[in-house]
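Visitor: My structure is below; once you've seen it, I'll send some questions.
Here, each number is a calculation from the coordinates, and none is a lab measurement. Since this is a predicted model, take the numbers as computed values, not measurements. When we count neighbours, we look across all protein chains shown, and the Cβ atoms used for this are built from the backbone with ideal geometry, even at glycine.
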Amino acid sequence: MTPSSPHDKSLIADLPRLVLLSVLGLIFLMPYIWMISVSLKPLDEVWRASMSLIPQTFAFEKNYGRVLSEVPIGRYLLNGVIVCFGILVFQLAFALPAGYALAKLNFRGRETLFAFVMLGLLIPAHVPAIPLYIAFAQTGILNTYAALIAPSTISVFAIFMFRQFFRAMPDELIHAARMDGLGEWSIVWRIIVPNAWPAATAFAIFSVVAHWNDLFWPLIAVSGKGELATPALGVIYFRTEEAGDDFGALMAAATITTIPLVAAFLLAQRRFIEGITMTGLKG
Amino acid sequence: MSDVALPRGYAAAAPAGERIHRGEALAAWLLTAPAVLAFVLMLLIPTAAVVAIAFTDYELGAPALRFVGLANFAELMEDRGFVTSFRNTAFFVAVTTPVSIIGGLMLALLIESGTRGRTFFRAVFFLPVVSLMVAMATAFQYMFHPTIGPVNAALRGLGIVGPNWLGSSDSVMWTLAIIGVWEQIGFNMVLFLAGLTAIPRDLYAAAEVDGVRSAWSRFWTVTWPLLGPTSLFVLTITMIRSLRVFDIVATLTQGGPNKASEVLLYTMYTEGFTFFRMGYSAAITVVFLGAVVVLMLLQTRVLDRRVHYG
């Protein structure tokens, strides 16, 4: 044990660190603090430019009421859930079997497939946007859930991650299952999928955070003040078409759309951090 | 050779082994088929197509398209809007990358150097990573509002006249960079925290015996060299994340004022999906893809050799 070991610091010795972290943390939380504060303030108080965080009169009902009455914010949140869930289901359904085959089965073309996976890792999701838009426009599926979900159904990164995960799994498990007469499909569903939960959870968190927050593709795939807006699009619609400079209502909309993921994060902090950093490669 | 992976009992009986092997290959293709199909349709063909479109004058709704060679790329070089956009993106990467990496490392060291409040502070700084950036951007729009925003109100309290953060072409990229750092620093901090935990404790004890006493020299002799691989990884992904800046520009400035905050992806978006100049937009996409690939290769080829410890 070194004398400088962090574990034997007294509270007094630790105080400068705690004070510094608190000050920095407070600066970091400022956008959230102001967002909530302004969402509770009436318009005239917002424009008075005061530095006080606590509203003199609470305008909770007015601001949040305006959001609820002028835009279908519940619908936007539901769209976010449908799109994120749809994407995740396809990603897992495609990537889990493929990752297993690349990790544990011998077949001709395996190295070539894996080379394509590595190549795919280099391509950001923004790159295929133009041809996908043209193809979707010509087949008339723009402004549908399918248009929002389809381009993200394949995650090369998920294939890569599950391959790495399955390679670490003992071969005996699979051989034993084959000895018992299980076919490859049953092996995937009964042995592989149940064992892949840790990796699948990590990936699920990463995927949902990425697509809940995505603006780029929804902005392209959905146009007009559609019923199909995701939360990110919803905030933009509300701002450009309804709220304008009504910061109170705008902050209320921002708060409502930010809360679901932030709340989930606060409830399962460690899993979120593991999931996002484990899969952070793709970013 | 491929029989090696088969269990001994099967390998002994050659015909049975052969059958199993063929069955295995069939199963493998069936298991990968959906992924291969989606990969080809949603990624491979569109990426090849975007490169091809970049060499045409294709516009959505136009009756025909023409092969124009490098004309789009030549136009890019002449286009003041694109040059500004490229320069702004480079500026954004050049500011947010070092600040969010050094900042993330300092936060990680600060959190790691004590036991109190670790989980709490980690959560606080990580919060932006899981927050809806469009929503948080509107909160920043209020905070940086020139007249009613609390940032300038605080500066007024100190007797300073604050700038029109997002509204002036002199300060808009700096303001976006501040938001970019806020967005990325927690992610880097968490990666460094993982890297710090992996450093064996006895190395610090050994350094102490060798006369390394101050925290400063302890950092430079032990911590920093051992963080090499982590830092390299953080460097690459931070640069690529910064390169992809889009949400905050689309939400806050739409490239304005007067194109002062145009960035690559936003210019690509407006050219392609507002003006429907697909060929030109595709050329911008190719430039963007090129930059990402160069950064990726830089990591694996050049830097990797210097910071790897076997």
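Visitor: Could you list which residues have their amide H under 5 Å from that of B:Thr56, counting only those 5 or more apart in sequence or on another chain, with H placed in the peptide plane?
Guide: Amide H neighbours of B:Thr56: B:Val68.
Visitor: Could you run the Debye sum over the Cα atoms of segment A:10-68, one equal point scatterer each and no solvent, and tell me log10 of I(q)/I(0) at q = 0.20, 0.24, 0.25 Å⁻¹, two decimals?
Guide: -0.76, -0.93, -0.97
Visitor: Then there's this: For a quick check: sort A:Glu61, B:Glu208 by the number of other beta carbons within 10 angstrom, fewest at the front.
Guide: Sorted ascending by nearby Cβ count, the order is A:Glu61, B:Glu208.
Visitor: Give me the dipole magnitude in Debye, nearest 20, for segment A:10-68 about the Cα centre, with unit charges on the beta carbon: positive for Lys and Arg, negative for Asp and Glu.
Guide: The calculated dipole for segment A:10-68 is roughly 100 debye.
Visitor: Right, next: Inside 10 Å of the C-beta atoms of B:267-278, what's the mean count of C-beta atoms belonging to other chains?
Guide: 2
Visitor: For the protein assembly as shown, what is Rg from Cα atoms divided by 2.2 N^0.38 Å, rounded to two decimals?
Guide: Its radius of gyration relative to the 2.2 N^0.38 Å reference: 1.05.
Visitor: Taking +1 at the Cβ of each Lys and Arg and -1 at the Cβ of each Asp and Glu, which of A:Ile174, A:Val262, A:Ala196 sits farthest along the dipole of segment A:70-278 towards its positive end, judged by Cα position relative to the Cα centre?
Guide: Projecting each Cα onto the dipole axis, the largest value belongs to A:Ile174.
Visitor: Roughly speaking, what is the centre-to-centre gap between segment B:124-147 and segment A:7-45 when only Cα atoms are used, to the nearest Å?
Guide: Each part's Cα centre sits 15 Å from the other's.
Visitor: Expressed as an acute angle from 0 to 90° and rounded to the nearest 10, what is the orientation of the C-alpha long axis of helix A:156-167 relative to the principal long axis of chain A?
Guide: Around 50 degrees separate the two axes.
Visitor: How do A:261-269, A:156-164 rank on mean C-beta neighbours within 10 Å, highest first?
Guide: Numbers: A:261-269: 15.6, A:156-164: 22.3.
Taking the mean over residues of other Cβ atoms within 10 Å, the ranking is A:156-164, A:261-269.
Visitor: Follow-up. Could the peptides B:137-147, B:96-106 be put in order, highest first, of the mean number of other beta-carbon atoms found within 10 Å of their residues?
Guide: B:137-147, B:96-106
Visitor: Still on this structure, I have one more. Of A:Asp214, A:Asp246, A:Asp171, which has the largest mean-square fluctuation in a 10 Å C-alpha GNM of chain A?
Guide: Looking only at A:Asp214, A:Asp246, A:Asp171, the biggest GNM fluctuation is shown by A:Asp171.
Visitor: Ok, one more. Would you work out if segment B:71-306 is rounded, prolate or oblate? Take a ≥ b ≥ c from the square roots of the eigenvalues of the alpha-carbon gyration tensor; rounded if a/c is under 1.5, else prolate when a/b is larger than b/c, oblate otherwise.
Guide: oblate
Visitor: Still on this model: What are the ³J(HN,Hα) couplings of segment A:66-73, residue after residue, when phi is run through the Karplus curve with 6.51, -1.76, 1.60 and θ = phi - 60°? Round to Hz, x for glycine and proline.
Guide: 5, 4, 5, 8, 9, 10, x, 5
Visitor: Helix-only mean residue ellipticity at 222 nm, the protein assembly as shown, DSSP H runs n ≥ 4 weighted -39,500 (n - 2.57), per residue, nearest 500. What is it?
Guide: -21000 deg cm²/dmol
Visitor: Can you put B:Leu132, A:Leu132, B:Leu298 in order of Cβ neighbours within 10 angstrom, beginning with the fewest? Show your work: numbers first, answer last.
Guide: Working: B:Leu132 28, A:Leu132 23, B:Leu298 15.
The most exposed by this proxy come first: B:Leu298, A:Leu132, B:Leu132.
Visitor: When Cβ neighbours within 10 Å are restricted to other protein chains, what is their mean count per residue of peptide A:21-29?
Guide: Neighbouring Cβ atoms belonging to other protein chains average 5 per residue here.
Visitor: Any idea what the dipole of segment B:71-306 comes to, in debye rounded to 20, about its Cα centre with Lys/Arg Cβ at +1 and Asp/Glu Cβ at -1?
Guide: So the magnitude is around 420 debye.
Visitor: Through the Karplus equation 6.51 cos²θ - 1.76 cosθ + 1.60, θ set to phi - 60°, convert the phi angles of segment A:248-254 into ³J(HN,Hα) values in whole Hz; use x for Gly and Pro.
Guide: In residue order, the calculated couplings are x, 5, 4, 5, 5, 4, 4 Hz.
Visitor: Follow-up. Counting other C-beta atoms within 10 Å, and keeping those with at most 16, which DSSP coil trypsin sites (Lys or Arg not before Pro) do you find in segment B:106-147?
Guide: Qualifying residues, ordered by number: B:Arg116.
Visitor: Which one of A:Trp185, A:Trp197, A:Trp34 has the biggest mean-square fluctuation once chain A is modelled by GNM with Cα springs under 10 Å?
Guide: A:Trp185
Visitor: Enter the mean number of other protein chain beta carbons within 10 Å of the beta carbon of each residue in A:247-258, as an integer.
Guide: Mean shielding count: 4.
Visitor: In addition: First check a/c for segment A:70-278, with a ≥ b ≥ c the square roots of the eigenvalues of its C-alpha gyration tensor; if it is under 1.5, answer rounded, and if not, answer prolate when a/b is larger than b/c or oblate otherwise.
Guide: prolate
Visitor: Also: If one takes the longest principal axis of the Cα atoms in chain A, at what angle in degrees, from 0 to 90 and to the nearest 10, does the Cα axis of helix A:110-121 lie?
Guide: So the helix axis and the longest Cα principal axis differ by about 10 degrees.
Visitor: Also: Hey, fewest Cβ within 10 Å first, where do A:Ser10, B:Ser281, A:Ser37 land in order?
Guide: Values: A:Ser10 7, B:Ser281 29, A:Ser37 19.
Arranged by neighbour count, lowest to highest, A:Ser10, B:Ser281, A:Ser37 become A:Ser10, A:Ser37, B:Ser281.
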